[in-house]
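The structure appears below as structure tokens.
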Amino acid sequence: MPGLTFVITAPGSPAAAALLREYYDDIVGRYWGRAALPAEVDSAMADEPSDDLQGDSGVLVVGILDGEPVACGGVRFVGGGVGELTRVYVAAAARGTGAGSGLLAHLDGLAVAAGLSTLRLTVRSDLIEARRLYARSGFAEVDPFNTEPYAEHWLAKELH
């Protein structure tokens, strides 16, 4: 999409930290079916830190549209040519603009450049828009590959 750029950043950078907080606010609120409380978001962020999305263990990108950070997503390097997509988020104002598809395509390219052959992810059933986006981006349901408490669908795709 025109005007959308992606930058690799540390999870603690101001733009990434703000987007990661929005991400958790969104998924925690959806889980409870109401606005997330700040303490619930803090707890989720502490339980699932993003610090490993840098260096040898992963990568985090921020999508910038017209000078504003509007999206984030990461790839965690898990070994054996496999990466896990995580922290995929598009701000409400940028949804429906192609930012999500652009983000996933960019993450695919980074995964290939890192030598990965497979990307996988988990997603909850209530994250309907995300599941549609992943399906459009070539992900298909696979057998469970972990026992994460909030995983309800396991998806993967081979990279070329």
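Odds and ends about this structure:
- At most 11 other Cβ within 10 Å, DSSP loop - trypsin sites (Lys or Arg not before Pro), the range 1-64: Arg34
- Counting heavy atoms of the protein chains alone, Glu141 has an accessible area of about 110 Å² for a 1.4 Å probe.
- Estimated inter-spin distance, Val82 and Tyr31, nm [label 7 Å along Cα→Cβ]: 2.3
- For the range 122-160, the residues whose amide N sits under 20 Å from a probe point set 7 Å from the Cα of Glu40 along the beta carbon direction are 123-130, 149-152.
- Largest first and in whole Å, the equivalent-ellipsoid semi-axes of the range 98-153 read 20, 16, 9, each the square root of five times a Cα gyration tensor eigenvalue.
- Value of [θ]222 nm, deg cm²/dmol, for the chain, DSSP H segments ≥ 4, -39500 (n - 2.57) each, nearest 500: -10500 deg cm²/dmol
- Solvent exposure ordering (accessible area, 1.4 Å, most first) of Ser117, Ser13: Ser117, Ser13
- FRET efficiency estimate (nearest 0.05) - Cβ-Cβ, Ile128 to Glu68, R0 45 angstrom: 0.95
- Antiparallel bridge percentage (DSSP; both residues within the chain; nearest 5): 90
- Of interest is the spacing of the C-alpha centroids, which for the range 74-143 and the range 17-56 amounts to 17 Å.
- Computed Rg/Rh of the range 18-76, alpha carbon atoms with Kirkwood Rh: 1.02
- The portion of the accessible surface of the range 1-112 made up by carbon and sulfur, rounded to a whole percent, is 58 (1.4 Å probe; DNA, RNA and ligands excluded).
- With protein chains left intact and a 1.4 Å probe, residues in the chain average 50 Å² of accessible area per residue.
- Spacing of the two label points (7 Å from each Cα toward its C-beta) at Glu158 and Ala93, in nm: 4.2
The values are calculated or read from the model by the stated rules, or taken from the named source; none is laboratory data. Only a predicted model underlies this, so the values are computations on that prediction, with no experimental measurement involved. Glycine also receives a Cβ, built like all others from the backbone with ideal geometry; neighbour counts cover every protein chain displayed. Each accessible area value is taken on the protein alone, full model and side chains, heavy atoms only, with ligands, DNA and RNA left out. Shrake-Rupley method; radii C 1.70, N 1.55, O 1.52, S 1.80 Å.
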